[in-house]
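The values are calculated or read from the model by the stated rules, or taken from the named source; none is laboratory data. Just so it is clear, the structure is predicted and the values come from calculations on it, not from any experiment. We place every Cβ from the backbone using ideal geometry, glycine too, and count neighbours over all the protein chains shown. To get the accessible areas, we keep the full protein, side chains included, count just its heavy atoms, and leave off ligands, DNA and RNA. Shrake-Rupley method; radii C 1.70, N 1.55, O 1.52, S 1.80 Å.
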Amino acid sequence: MKKVAGASRWFHLLYLGNLLWSVVFDPATDWVDWALVAVVVVAFVPMYVLAWRRPELVRRWCLVPTVVLGALVTPFNTGAAVLFVYAAAFAGLAESRRVAMRWFFGLSALICVFAVVSTVPMPYRLWGLLPSLIFLWLVGVLQVEWSERERDAEELRIRTARVEHLATLAERERIARDLHDLLGHTLTAIVVRAQLVAADPARAREEAAEIERTARAALGEIRDAVTGWRSASLDTELEAARTALTSLGVEVVVRRDPDLVIVGSTEHELALALREAVTNVARHARARTCRIGVEARDGELRLVVADDGVGSRAPEGNGLTGMRERIAALGGLVRRTGSAGTTVTIAVPLRVAT
């Protein structure tokens, strides 16, 4: 396609043949007229080549010089008005539609002036000028349309590249959040069970088997997280939270509204948020009791994880930050209080959750 486009551009130089009508058919032609044609061709061809090789230089090095060259030569050879056609194409290539139209009117006015002041006799004068006046508009408007389509296509390519870049970043962030949630919870469970093995050798075989099962499950979840196939279940996470905290000696009270049917995408995010909240209880709270509630209230679906541990006013880590990002994407919010124990409340609009 590029070779065809390049060949067509060279073909357009044939229109410089309009310069020859006057010198070929005028019996008074002498060597000066032929020399003038040669000067125009030698001066214009480099500007033409530059225009389609370096479009960003068209305005300064092609458009204005071509108009000046045409204005100098057309009074003596009306075929040189074809340079104004090329100038219209340059204007359509380099300028906006509004500016290009101003160039077209200005070039048309120049041709009208030369129709009065040219030294070429009638009717040859009009035969040299009228076709250029018509083609100036045809070629110029077509070039404007083509240039606008090219600009639109380029903007579309840029927007597409930006969307792909943002999608890549979003996928990386998703994987990072999922891996953090998975590894944080799973490694905490493995550490806790390893501590139980050390504290009670009699349970070593049972706990070692549980550690192996937990590790294998984590490997499968990590693979699913990387490929985007994993979908967490809120009920599964509630049961896992009960098991994990009970093994630490924490009494777990779960209250879940059985009538709530949560859409899959929201349930996935709530399950991961629950996992992060329970992991924080296991790691930091030193609690005796943890209450987990899932209910609808005031137009919101609320997931509340409250413990009676030591509480904390420490800055939020990656886990809570990732939780806030997940829930914010659903139009919800996360609130944490840490005065008497710690309470994490995750609220999502019911219209999104159900």
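A few comments on the model shown:
- Of all residues assigned to segment 119-129, none qualifies as being assigned by the TED database to the domain that holds Tyr15, among the aliphatic types (A, V, I, L, M) and within 15 Å of Gly140 (Cα to Cα).
- For segment 327-340, filtered to residues that are in a loop (DSSP other than H, G, I, E, B), out of contact with any helix residue (DSSP H, G or I) (no Cβ under 7 Å at 6 or more places or on another chain) and not aliphatic (A, V, I, L, M), the residue that is modelled with the lowest pLDDT is Ser339.
- Residue match in segment 278-293 (condition: in contact with a helix residue (DSSP H, G or I) (Cβ under 6 Å, 6 or more places away or on another chain), under 23 Å from Asp235 (Cβ atoms) and polar (S, T, N, Q)): yes
- Of all residues making up segment 255-280, the number that are touching a Ser or Thr at 6+ places or on another chain (Cβ under 9 Å) and open to solvent by 10 Å² or more (accessible area, probe 1.4 Å): 9
- Selection count where residues are open to solvent by 40 Å² or more (accessible area, probe 1.4 Å) and assigned to a loop (DSSP other than H, G, I, E, B), scope segment 244-254: 2
- Test: residue in segment 289-299 that is part of a loop (DSSP other than H, G, I, E, B), more than 25 Å from Thr243 (Cα to Cα) and open to solvent by less than 20 Å² (accessible area, probe 1.4 Å): no
- Residue match in segment 48-56 (condition: in the same structural domain as Val144 (by the TED database), in a helix (DSSP H, G or I), β-branched (Val, Ile, Thr) and within 15 Å of Val144 (Cα to Cα)): no
- Counted residues, segment 87-99 - those being touching a residue at least 24 places away in the same chain (Cβ under 8 Å) and surrounded by fewer than 22 Cβ atoms within 10 Å (Cβ to Cβ): 4
- For segment 60-70, taking the residues that are in contact (Cβ under 8 Å) with a residue 40 or more places away in the chain and among the aliphatic types (A, V, I, L, M), the one that is farthest from Leu36 (Cα to Cα) is identified as Leu63.
- Qualifying residues in segment 311-326 (those that are more than 34 Å from the chain's Cα centre (by Cα) and surrounded by 13 or more Cβ atoms within 10 Å (Cβ to Cβ)) - the one modelled with the lowest pLDDT: Ser312
- When each of Leu110, Leu83, Leu136, Leu129 is tested for being open to solvent by 20 Å² or more (accessible area, probe 1.4 Å) and in contact (Cβ under 8 Å) with a residue 40 or more places away in the chain, the lone residue that passes is Leu110.
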